[in-house]
1. Are there any strands (runs of 3 or more DSSP E) wholly within the range 585-686 with 1 or more residues that are under 18 Å from GLY740 (Cα atoms), and if so which?
2. Of all residues in the range 247-289, which are open to solvent by 30 Å² or more (accessible area, probe 1.4 Å), farther than 19 Å from ALA229 by Cβ and over 18 Å from the mean Cα position of the chain (by Cα)?
3. In the range 524-566, which residues are acidic (Asp, Glu) and within 13 Å of GLY501 (Cα to Cα)?
4. I'd like the full set of residues that are among the acidic types (Asp, Glu), at pLDDT 95 or above and not in a loop (DSSP other than H, G, I, E, B), limited to the range 694-742.
5. Taking the range 112-149 only, how many residues are in contact with an Asp or Glu (Cβ under 8 Å, 6 or more places away or on another chain), over 19 Å from TYR44 (Cβ atoms) and open to solvent by less than 60 Å² (accessible area, probe 1.4 Å)?
6. Checking the structure you have, find out if any residue of the range 535-547 is farther than 13 Å from ALA487 by Cβ and part of a helix (DSSP H, G or I).
7. Every residue in the range 213-240 that is farther than 15 Å from ALA276 by Cβ and among the basic types (Lys, Arg), please.
Amino acid sequence: MTEMTNSPAPSGMIGDPMRRKEDLRLLTGKACYSDDFNLPRQAYAVMVRSPHAHAAIRGIDASQALALPGVLAVLTGKDAAADGLKTIVHTPVSGSPPDIPLNNSDGSDKRVSPHMALPADRARFVGEAVAMVIAETVAIAKDAAELVVVDYQPLAAVTGALAATEAAAPLLWDAIPDNVSIDAVVGDAVATEAAFERARHVVRLDTWIQRVTGVPMEPRAALGDYDAATGRYTLYAGGGGVIRPKQTCAAVLGVPEDRVRAISRDVGGNFGTRNAIFPEFPLVLWASRRLGRPVKWTAERGEAFLSDYQGRDLAVEAEIALDGDGTILAMRGSNVSNLGGHTVSFVPLTKGVELMTGVYRIPAAHFRARAVHSTTPPTNPYRSAGRPEAMFVIERLLDIAAQLHGFDRLALRRRNIVAPETMPFANALGMIYDNGEYEGVMDKVMALGDWFGFPQRKAESSTRGKLRGIGIANYVEATSGFPREWAEITVRPDGIDVAIGTLASGQGHETSFAQLVTEWLGVPFERITLVTGDTDRVLAGGGSHSGRSMRYASIVIAIATDAIIAKGKQIAGFILEASPLDLDFAAGKFTVKGTDRAIGIFEIAAAALTRRDLPAELQGPLAAIADETQRVCAFPYGSHVCEVEIDPETGVVALQRYAAVDDVGRAVNPLILHGQAHGGIVQGVGQALLEQCVYDPASGQLLSGSFMDYAMPRARDMPSFATEISEVPSPSNRLGIRAGGEGGTTPALAVVINAIVDALAEYGVTHVEMPATPERIWRAINESKRERA
């Protein structure tokens, strides 16, 4: 449930809860997703994927497949190498600043594995593509893929990050002799150890934030087209943006960037796992060049479970030191991130370790941070990468401390929370929080969630033989992302085009970006058109990730609109025979001060295109470009309260109530932000209760390869959410925007488990690992009963 006040009809300005422009198109079948692209004479590709988690490729015999009528080609890693295809160059390292650097403590360089689109040496996870079959139809390509004979030499597998660091673990890469890409330390070891020595209490948590996958509604697809006449490639594929696919595919193909065009229209979900480049993107382009016709590939859901980049998978050992009054003196620990078979991203490790202290005033901290390879699919940032893991650890430690040592869990948080007057605040791991009212949002969410009415609800549940628990979790995020964004705004006589480098995957950019233009240019909301998803039209931009799109869009759109107003004043001054200094601009009109003489912005645009008496520099489209690079973080924050009911006979958890207050800095469209919060909460609840990519530790086989085994949250399992938006503007940008797309997820893991453990406290249970399945909870209850018997 989201309360919306009765107010005048929204006009499309900043702060108005506008319904999304794009929804009519998306809901009436007029969207264009990746699989909707088709070209004449296109052929179809199917990938031959490794059935082994780790195996040497001794040879590939495609003769039977090639003999099948309709088969056009079978391409392998050796073919790719012979054609000069390069490795896929990912961007694994976070930008520093604003994120902290993670440097190997021995002074060596970070070890980054090469990532060939088709490996010729080894397969390093179940589902890695080792050959590509191309045929006249998908059915023929599937049949032919079954006929490709790959001579594998199976090798030992290792699926867990901690197991991969052991001396006897199989090695994935010759150049990474211990499977470890990063082994860094951050913080002050000396001060931390001194604090632990004088501590009255030490609380420890060893946990694993399990691996999950994004399962976007739209599976991946790619269509590649090579034009032999121009030597130009065109990729049609959805993801987190179009600039990175263009650049990366050009690098893999070994051609200049202007020889590759990337096009994306609508994207059916992303959540971060689609932001890196997948092997199929350059492969369809390469295949098109070889065959002289377009080549299309579309993943099936089972294939996506095997080969999509995945998320989370962090092993943590953490401790906090407290004095007798509950003041936290220090924090220390170890974070081990599972990279999977290829080095795609260190971002989750970095983003997590830099925020391990959460919203609390912890004067000393020291962490070891490692990134480790295993025989599993690569991991990539997944909604709020690294931050849900960090908040899970610190918020669980606080509840465990309260439970074991008699502290009130609310008072413990209040005693240690960062106060507004201490902002900007430097945490003990190297991040400087901009500003915020952390305790204020905690107070708000307790009221919203009726914290003090809980005892009556708990008593009522008890009369029905049910256990009831309530939890709270505070959070802070660091939203940085790719630091460059680009926009071009063109005012036409009948409307405005806003071209921008980022790309939506469900966030409502067509609506919220238009609200920025309506606010600053005073034009009707309906007359603004967003242009994205074509590298022949957008020249730069970082795509959607790390809560960056609205923040960076507001920066570049503001700069471009300022330039348009400035140019418009010059044109208006010429037409109205007045100095530009004597003109005001408001509500889409340029007015001579103190008079009723005025001209509208669309009339100005028409005059710029048609009047030849204008000075030459004022003729032509009324347009402006902004291209900005800013390495500054914003810090969204908030607090959530969750209430659960548990059947002690079965361990089944029912989510009863959920309240959230998220500070986004400035709410451009509250309606969209509430929807983002709802979706984020459900993703966090899904990980807390249900979701896990399960791999057999001996064979490396995926055991959760369909929706029969990978459990997803359902609407019927969710209560109505009570969500509120807090607005304390960030000083990092003109509008004060923090971000609003990830806050729903960031504290959700912690708050759900805190509520579950609170419900189980009468059994002496102090922690439950995720996912908190009915079996896991039932076992915790019954093990406690046996121990007490």
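1. 637-646, 653-663
2. Passing the criteria: GLN247, ALA251, GLY254, GLU257, ARG265.
3. The answer is ASP534, ASP536.
4. Within the range 694-742, just GLU724 meets the criteria.
5. Residues that pass the stated criteria total 2.
6. Scanning the range 535-547, I find no residue that is farther than 13 Å from ALA487 by Cβ and part of a helix (DSSP H, G or I), so the answer is no.
7. Scanning the range 213-240 gives a single hit, ARG232.
A quick yes/no check of all residues on (1) under 22 Å from GLY12 (Cα atoms); (2) modelled with pLDDT under 95; (3) of a type in the set (Gly, Ala, Ser):
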residue	(1), (2), (3)
THR561	yes, no, no
ILE564	yes, no, no
ILE571	no, no, no
SER579	no, no, yes
LEU583	no, no, no
VAL592	no, no, no
ALA605	yes, no, yes
LEU609	no, no, no
ILE625	no, no, no
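The values are calculated or read from the model by the stated rules, or taken from the named source; none is laboratory data. Everything numeric in this text was worked out from a predicted model, so none of it was measured. All Cβ positions, glycine included, derive from the backbone under ideal geometry; neighbour counts span all protein chains shown. Heads up: the accessible areas ignore ligands, DNA and RNA and are worked out on the full protein's heavy atoms, side chains in. Shrake-Rupley method; radii C 1.70, N 1.55, O 1.52, S 1.80 Å.
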